[in-house]
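Taken together, the values in this text are just the output of simple stated rules run on the coordinates, not laboratory data. The shown structure was predicted, so the numbers you read here are calculated from the model rather than taken from an experiment. Cβ sites come from the backbone with ideal geometry, for glycine too, and all protein chains shown count toward neighbours.
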Amino acid sequence: MEYKIKEAKKMKQNLGKVDRVLRFGLAFWWLGPWAPQYSAELANWLVFAVGWIALAESFFGWCWLHNLFGIDNKNQ
């Protein structure tokens, strides 16, 4: 019995240099002591989560929303 291994889909970078730098700056701001603080605890957790997502996207150069909408600005 032969098993065929499917090739995993690779994440292709879809963020340009400017996008990555801006996302890193946003993450640095929102994960640091300069993060906005709201009276609603849920809003503070959302700021924290978006900061981590922006940091990950800045390092990987891939955004799932860009992938979903077919946006590719890697060459910008």
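Annotations for the structure displayed:
- Karplus 3J(HN,Hα) series, Hz, for region 21-28 with 6.51 cos²θ - 1.76 cosθ + 1.60 (x for Gly, Pro): 5, 5, 5, 5, x, 4, 5, 4
- Whole-angstrom Cα spans of the chain along principal axes, big to small: 60, 35, 21
- Estimated 222 nm signal from helices in the chain, with DSSP H stretches of n ≥ 4 weighted -39500 (n - 2.57), rounded to 500: -17500 deg cm²/dmol
- In degrees, nearest ten, helix 41-60 long axis to first principal axis of the chain (Cα): 40
- Exposure proxy for Asp72, Asp19: other Cβ atoms within 10 Å of each Cβ, ordered fewest to most, give Asp72, Asp19.
- With neighbour counts taken as other beta-carbon atoms within 10 Å, the residues Leu65, Leu55, Leu15, Leu22 rank, fewest first, as Leu65, Leu22, Leu55, Leu15.
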